[in-house]
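Only one structure is covered here, and it is reproduced in the block below.
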């Protein structure tokens, strides 16, 4: 780093002081505490990964976490193994039977989604749990394996202190409407396009 | 779920069989294994959270992880506490002194960023570590606390088996060019706009 002259430092200080004032005023306006319905959607990476990062954060604060995998039964082995370190503070339910193009059996997919949703409702009712991750629920909804009306209604009727995260691309508009926080993961550049294969620790 | 008639099930099966064929062919083309430079940027939530989710995945596979926090020293307490469960398999370096609008001192910010970058280089050189998270490095680059040329060059020259994740909004074009995987987190809907405040387990 080169020498920083006094004028530049002073300008920086003023700019940051103004920014801090705006920031503080914004924070002061926010007073509501509530369990959030969070949706991570879009074609990019990081939808489920961010949900598991949130689980880590919750666990760090001593809370319990529930996970229901709606579709990709065979994935997330790394996260699952890591979360086992936290013992019974993480409840993990894998109901999906792999990607839907792996099973090629509609009736089986629907039955698996219905079982998963039942597990989800049970975890959402468990008052010792602070966060429930409904992993790839959007896929199950997109293929109409589950009725969106019932799902949206149950999520809106969740306990006031329960946070829920729904992941998967193509989130239904009705779910976005019910959500408090929606992030779209956008694909800017992907290593698969350069011939790099799925690797342990990155994709699974 | 209503009755599913046989025609619908057969159509579904055909569609999914075609999709699986495409999927399998795509997977077969990807043969390269390499440590990735991953950039999570954009104004939405989940940039750092997804990086910590990736840490969890790596840890689940028995790997070691390094974290350098460039800016928000006071945040990520939840993740930090949770990752302490993994003992010395996680190396955590907090060099930032809070948001830059908190310190209002350019010289101090630059010095902190330089110390953090030095720690980052040390972790990247440690062959026992499989993933290094450079949290909010984009912020340090944006304010020119660190020279982008040097940073991009060092990241491109990383060990072939090392994955690096850089987070923070406004990633510099030069970094995007060097990256293998870039995801932009887009803000679709945010609970702060509805007056909900930053909550334990969600924002920190």
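Among A:177, B:203, a tally of other beta-carbon atoms within 10 Å of each Cβ gives an order, fewest to most, of A:177, B:203. Length gained on full extension, residue A:105 to residue A:11, computed as 0.36 nm times the residue gap minus the Cα-Cα distance: 27.4 nm.
Over the residues of chain B, the helix contribution to mean residue ellipticity at 222 nm works out to -13500 deg cm²/dmol, using -39500 (n - 2.57) for each DSSP H run of at least 4.
Put a point 7 Å out from Cα along the line to Cβ at residue A:61; what are the distances to that point in the other copies, in nm, shortest first? When each copy's label point is compared with this one, the spacings are 3.0 nm. Shortest first, residue A:85 label-point distances to identical copies amount to 0.8 nm, with the label point at 7 Å from Cα along Cα→Cβ.
How large is the translational diffusion coefficient of the stretch A:139-204 in µm² per second when you combine the Kirkwood radius over alpha carbon pairs with Stokes-Einstein at 25 °C and 0.890 mPa s?
On the way: Rh = 14.5 Å.
Estimated via Stokes-Einstein, D reaches 169 µm²/s.
According to the square roots a ≥ b ≥ c of the eigenvalues of the Cα gyration tensor, what is the shape class of the stretch B:91-192, taking rounded for a/c under 1.5, prolate for a/b larger than b/c otherwise, and oblate for the remainder? In terms of gyration-tensor shape, oblate.
Averaged over peptide A:6-18, how many Cβ atoms belonging to another chain are found within 10 Å of each residue's Cβ?
The mean count of partner-chain Cβ atoms within 10 Å per residue comes to 3.
Here the calculated FRET efficiency for residue A:19 and residue B:190, from their Cβ-Cβ distance with R0 = 22 Å, stands at 0.70, rounded to the nearest 0.05.
Peptide A:59-71 shows a mean partner chain C-beta count of 3 within 10 Å per residue C-beta. Sorted fewest first by neighbouring Cβ atoms within 10 angstrom, A:83, A:36 come out as A:36, A:83. Across the stretch A:33-194, the mean sequence separation of Cα contacts (distance under 8 Å, 6 or more residues apart), normalised by length, yields a relative contact order of 40 percent.
Using the Cβ-Cβ distance between residue B:84 and residue A:88 with R0 set to 30 Å, the FRET efficiency from 1/(1 + (r/R0)^6) comes to roughly 0.95. Each label point was placed 7 Å from the Cα along the Cα-to-Cβ direction; for residue A:27 and residue B:126 their separation is 3.1 nm.
I need the peptides A:53-62, B:113-122, B:187-196 ranked by packing, meaning the mean over residues of other C-beta atoms within 10 angstrom, with the highest value on top.
Ranking the peptides A:53-62, B:113-122, B:187-196 by packing returns A:53-62, B:113-122, B:187-196.
When each of B:52, A:86 is scored by the number of other beta-carbon atoms lying within 10 Å, the sequence from fewest to most is A:86, B:52.
Within 10 Å of the Cβ of each residue in B:139-148, the mean number of Cβ atoms contributed by other protein chains is 1. Using every pair of separate Cα atoms, the Kirkwood estimate puts the hydrodynamic radius of chain A at 19.0 angstrom.
Rule-based calculations on the coordinates, nothing more; no lab input. Since the structure is predicted, the reported quantities are computational estimates derived from the model, not experimental observations. Here the Cβ is made from the backbone with ideal geometry for all residues, glycine too, and neighbour counts use every protein chain on show.
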